[in-house]
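Encoded as structure tokens, the structure appears first; notes follow it.
The values are calculated or read from the model by the stated rules, or taken from the named source; none is laboratory data. Predicted, not measured: the structure shown is a model, and the values here were computed from it. Ideal geometry is used to build each Cβ from the backbone, glycine not excepted, and the neighbour counts take in all protein chains shown.
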Amino acid sequence: MNTTGFEALSQYIDLLLDAICVVDKAGRFEFVSAGAERVFGYTPQEMLGRQMLELVHPEDRARTIQAANDVNAGALKVDFKNRYIRKDGQIVHLLWSARWSAADQRRVAVARDITTSQLAKQRQEALYAISQASFSSEDLSELYHNIHQIVANLMPLQRFAIVLQDNVDELSFAYDVSDNALLAALSEDSFSQLCQQVIDHAETILITQDNLKKQSPSVRLLVKDKNLNWLGVALKSHTAVIGALVLENNSGTAVYASAEVEVLEFVSVQVAVAIERKQMLQRLQRSALYDHLTQLPNRELFYDRFQIAVLRAQREQTQFALLYLDLDNFKQINDQYGHRFGDALLQQSAQRILSCLRQSDTVARFGGDEFVVLLPQTTTENYVMQLAEKIRKVLNQPFQLSEQLVQIAASIGIASYPQHGQSKDTLLSHADNAMYAAKKAGGNRLVYSDGNVAKS
């Protein structure tokens, strides 16, 4: 191709903010205008002879090859968008217009930098996506996963972590995912300490090979001479810093810079609000279904699990059992040592009961010192009696509380489905009456329901 015409026009072409590029059929640059340096960061001399695809973002190469083939076949492209990696490692979003010159066997294209508008659009889309995720996610784990996907669509990352700080300033990695391609450079201890600095100072920390010497002494001490591409921003709610959002990418790929910092800082505010909202909803849901003192299921959750056990027993033609349990002499101990002592005794009693159960079993606090245990899929009466005896024995062991050694016992009533009834009220009544029979007999014992419900 005769480039004399281009050279004659270069004094005018170079005034354009857009980049004009001419590539041969193999995709090598044969001419670039001065505007290319503003767009790509390379001088025209550095670009001549290079393969165009070397500069294309890896995730966009397949689309770019297809578009180039379409142009080479005669198609006119006027709105093709892709991303390139600049000389400084930053990502630039480009809008291309391109056509094929059959006479010269060259592809002529004009590239416009649309990074600013694309990032603004991405921020708005991310804001909407995070808002949707905060409402649609079933729990915090799903919310964290959704946030990961949203951020991954905004910028390259090979490690994504949500680090939260609790009320006693302990860090927890609520979500931390990295792919196999990440060349881990930091120890986990150094990674945690960097996160702590982000949270303590409520500031963004960006670490790249180019800015390492500008970091504070404490950061340089943690990083040493590692070649990092690390970005951490504080998660700031309306009232406090609740944690940090951290990204890491291999240093040899796209390098984080001011554009990524700006986007992530914008996103982090929305993420903090979404996390706090979901945490609040989970606390409200838990308080509605769990006993505040013992953290055991309350009546509402127990009734729900009871109904599930009934449906399963009907479907599979199996049986299950209920244990109604009351702590003997609890009132006297509570009156003697005080309510705080009594509360601690209830908490430890709950944990001892839990230690005897299977994961599929449920123990609920029904109020005061009364507990009800649901044992789904129990095969024999002997198994139920053995388990109830195990609970009785473990509760009969001394409790060490506030330097006081106290001993209690338990009266336990037992009823089975469908032997003693098929409704919640009937089975609970049988188990409750059996428990009172155990108390009347002196306590610290088991009584299996005889099937007769006493009338009040």
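Just to be sure, is P297 surrounded by fewer than 17 Cβ atoms within 10 Å (Cβ to Cβ) and either touching a strand residue (DSSP E or B) at 6+ places or on another chain (Cβ under 6 Å) or not assigned by TED's automatic domain parsing to the domain that holds H430 (or both)? It is false that P297 is surrounded by fewer than 17 Cβ atoms within 10 Å (Cβ to Cβ) and either touching a strand residue (DSSP E or B) at 6+ places or on another chain (Cβ under 6 Å) or not assigned by TED's automatic domain parsing to the domain that holds H430 (or both).
Each row is one residue, and each column tells you yes or no for (1) surrounded by 16 or more Cβ atoms within 10 Å (Cβ to Cβ); (2) at pLDDT 95 or above; (3) assigned to a strand (DSSP E or B); (4) of a type outside the set (V, I, T).
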residue: D335; (1), (2), (3), (4): no, no, no, yes
residue: G342; (1), (2), (3), (4): yes, no, no, yes
residue: L346; (1), (2), (3), (4): yes, yes, no, yes
residue: S349; (1), (2), (3), (4): yes, yes, no, yes
residue: I353; (1), (2), (3), (4): yes, yes, no, no
residue: S360; (1), (2), (3), (4): no, no, no, yes
residue: F371; (1), (2), (3), (4): yes, yes, yes, yes
residue: Q377; (1), (2), (3), (4): no, no, no, yes
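Scanning segment 412-426 for residues that are more than 19 Å from L354 (Cβ to Cβ) and either part of a strand (DSSP E or B) or at pLDDT 95 or above (or both) returns G413, A415, S416, Y417. The residue that is surrounded by the fewest Cβ atoms within 10 Å (Cβ to Cβ), among those in segment 161-201 that are farther than 19 Å from V151 by Cα, at pLDDT 85 or above and small (G, A, S), is S172.
Looking at segment 138-238, the helices (runs of 4 or more DSSP H) lying wholly inside it that each contain 2 or more residues that are over 22 Å from A257 (Cα atoms) and among the aliphatic types (A, V, I, L, M) sit at 140-152.
For every residue, the table says whether it meets (1) at pLDDT 90 or above; (2) out of contact with any Leu (no Cβ under 6 Å at 6 or more places or on another chain); (3) closer than 27 Å to Q66 by Cα; (4) surrounded by 15 or more Cβ atoms within 10 Å (Cβ to Cβ).
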{"residue": "W100", "(1), (2), (3), (4)": "yes, yes, yes, yes"}
{"residue": "Q105", "(1), (2), (3), (4)": "yes, yes, yes, no"}
{"residue": "A111", "(1), (2), (3), (4)": "yes, no, yes, yes"}
{"residue": "S117", "(1), (2), (3), (4)": "yes, yes, yes, no"}
{"residue": "L140", "(1), (2), (3), (4)": "yes, yes, no, yes"}
{"residue": "Q149", "(1), (2), (3), (4)": "yes, yes, yes, no"}
{"residue": "R159", "(1), (2), (3), (4)": "yes, no, no, yes"}
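Of the residues N69, N146, the single one that is more than 21 Å from A19 (Cβ to Cβ), in the same structural domain as I20 (by TED's automatic domain parsing), without any contact (Cβ under 8 Å) to a residue 24 or more places away in the chain and not small (G, A, S) is N69.
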